[in-house]
Each structure stands twice: as structure tokens, then as C-alpha cells.
Amino acid sequence: MAASNLQNILFALVRAGLWERPVEIPTVDLSVQDWKDILAAAHSQTVDGLVWRGLDIMAPSATGEGLELPAQLLPAFANAVASIEDRSARMEKAARGLFAGYEGKGLHPVLLKGLSVAALYDHPELRESGDIDLYFPQDEFPKAAPKTVKAKADGSYALQFEGVPVELHPNVLDIERPSCARKASVLIDKYGFVAGPQGLRTTVPQTTMILLNTHILKHVLGYGIGLRQMCDYARAAVALNYDREQYRCDLSTLGLLKWTAVLENFCVRFLGMPESACVCCSSDFDSEKLADSLLKMVLKGGNFGLDARKGSGPLRTLAAFLSNLGFSLRLAPSEAFWTIVSLVKGRLS
């Protein structure tokens, strides 16, 4: 079957799982191989859990309409989803352990994304986990940083805790343009932090929206981004209680209005996010064309570009940024420039 038809089925299942309601589906006759390709794409995009929910919601009705996974593929897919649930439980346990350890030393970690975003879904346990990201205030970060681990190019540290990958960050937001980075720091201080659903300190809704937004942009400028991160943004835009007008003002302050219009255009058209959740969505030709390009990047890149990535290292990372430069300069030119500058400086140091 044509790849475009399989893509449409995948997105229909994702939308059903994302919003917990039936959606319109293309009328197609899927072979076992077609289903294997759909599940492989879902796995690449780390949206297995959403597809699982989508299949449950879109199961055939009494009239026979709907989608049903072939019986021979069900056990393996069920096991994959069970692994996601197990990992989610391990992640939450590890996060609690990390907080207890750091707070016991008088430090104040802040949970970024991850578990706090998963809590916005109807079934948090089905949102596939990545790593645990923790932010520490500037005066605490040196105390939290492991002495035996070398800092990454962006100043963060990567480590393992109870078998779970952890990253420690000196900044909340992924913003490289110096003037905007300073403005971002002011916003962080202004909004502060809050106890999340798990009782762990995390960002307030206003900051969470900016965080998810800039995190996606960072990866779009580089290796690429996956579908799960786009789903996180769409879900947060609907589920969080935040001041949309203030959010738009903050985006304007950070020079991110055009990029956000493209991001929202993507979420509305391909993920079914309601337009009422948008703050600067534009249906003009340029935004739609850039959203189409963003779709191609998502489909090519999988999860954070891992499918498109061939090897790693500083030169390949820089090459990835340069290869996307034409696209990046149309989305957020200043941020694209300063991201490359920061990357080069970090690698040289």
C-alpha cells in the first residue's frame, strides 16, 4: 500500500489516542505487512501507547466499521506497550528517589517535561518515557553536577540513576540568542515553580508551554524531531490552565511568534488540536508550507532524529544543523544562528 495511506492510518490512530475519541478514518484494506509498517513507524516515533489507545477506541463496531490489528501481531504489540508501562513506573520511582536524595542535601531540583507532561494525558502510563530532566538554580547547579562526569557541549550533565538516564540542566529553557536568553531568565524568575501531579517540583503551566515550544524548536534546528514531542505540545496546549494572551506576549518577547504559528498549524492539521488552543496559528500559505516541511522532517527523523542520524559526534551534529539551515532561517533566524554559534563554542571548549 502507498506510504501516504499508511501515514494517514497512523495519524488517525494517534489522534484517536491523543484526544480519547473516535476520528474519521480512511477506507482502506490493510494487509498484515501494512500493519507491520504502521507499527514500525509508531515505534520509531515513540507513540506506541497512543496507537494502542487509538486501536481500542477505533475497534470495529457492530456495523464492522473501524480498525482492528491482525491477531498474529497483537501479542508482540501488547508486550511492547507493557514495557512502556513498566518503564513509566520505573521512571516515577527513580524521579522520587532523585528528589529525595538532592533535597536531603539541601538542593531544590525542578522536574522538566517528562513525567509532568505525561500527567496531562488520560493514560500517563502509556506516554513513552525518555529520560529524567532536572533543573537546578544557578547557585545549586555546581553542587548537583557529578564530579566524575564531563559536561556536555550545552553545559548539562548526563548520568544514570537506578538504570534510568538522567540529565541535569543549568537552564530551564532551550534558548541560545543571548538577549532572549536573558529575557527568558526574567520570565522564569517571574513565574517560579509549582508542585506537580506527582508532588515533585516542576514548571508552572505558563513556563511549561514555552519549555515544550523551545525544546521542539531546538531539535527542529538540529537532527529533527519526533511525533511524540509534537503530541506533548498539542496535549499541553489543551490540558494546561494558562494565560494564552500572556503566552503570546512571552513568545513575542522571545522572537518565536512565526515559529509558533508553524508549530500550531502542524498540530491543528495533523494532530487534530482544536484551533481554540492556538495563540498565533496562521493558515497563510507560508505557515502551511513550512508546516508541510515540518511534517516531512518528523516522518524522516523519528524520535529526535534517531532514524535519520548516521553516527554521532561534533562534526555530524554541526552538519545536521547546517543541513537544516535554509528551513531554520525561515522559522527562527536569530535562534538558528545563535544555536550554531553556541554549538561550535561548546565543542571547542
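Per-structure values
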quantity	calculated
Filter result for Gly255 (under 14 Å from the mean Cα position of the chain (by Cα) and not in a helix (DSSP H, G or I))	no
Candidates Leu331, Leu263, Leu318, filtered to the one that is outside the structural domain of Gln45 (by TED's automatic domain parsing), at pLDDT below 75 and closer than 24 Å to Cys180 by Cβ	Leu318
Matching residues in region 7-50 - criterion: being more than 24 Å from Pro124 (Cα to Cα), of a type outside the set (D, E, K, R) and touching a residue at least 24 places away in the same chain (Cβ under 8 Å)	Gln7, Ile25, Val28, Leu30, Ser31, Val32, Trp35
Flag for Leu168 being in a loop (DSSP other than H, G, I, E, B), touching a residue at least 12 places away in the same chain (Cβ under 8 Å), in contact with a Ser or Thr (Cβ under 9 Å, 6 or more places away or on another chain) and open to solvent by less than 70 Å² (accessible area, probe 1.4 Å)	no
In region 280-294, residue most open to solvent (accessible area, probe 1.4 Å) [restricted to those that are more than 16 Å from Gly326 (Cα to Cα) and either at pLDDT 85 or above or assigned to a helix (DSSP H, G or I) (or both)]	Phe285
Whichever residue in region 175-207 is free of Cβ contacts under 8 Å to residues at least 12 places away in the same chain and aliphatic (A, V, I, L, M) and, among such residues, is least open to solvent (accessible area, probe 1.4 Å)	Ala181
Pairs with Cβ under 7 Å, 6+ apart, first in region 288-300 and free of Cβ contacts under 8 Å to residues at least 60 places away in the same chain, second assigned to a helix (DSSP H, G or I) and open to solvent by less than 10 Å² (accessible area, probe 1.4 Å)	Glu288/Asn265; Leu290/Val262; Leu290/Leu331; Ala291/Val262; Ala291/Asn265; Ala291/Phe266; Leu295/Phe266
Condition check for Ala145: open to solvent by less than 20 Å² (accessible area, probe 1.4 Å), outside the structural domain of Cys231 (by TED's automatic domain parsing) and closer than 23 Å to Gly97 by Cα	yes
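The values are calculated or read from the model by the stated rules, or taken from the named source; none is laboratory data. Fair warning: this is a prediction, and the values are worked out from it, not measured in the lab. Neighbour counts are summed over all protein chains in view; Cβ atoms, including those assigned to glycine, are modelled from backbone coordinates with ideal geometry. Surface accessibility is based on the protein's heavy atoms, side chains included, excluding ligands, DNA and RNA. Shrake-Rupley method; radii C 1.70, N 1.55, O 1.52, S 1.80 Å.
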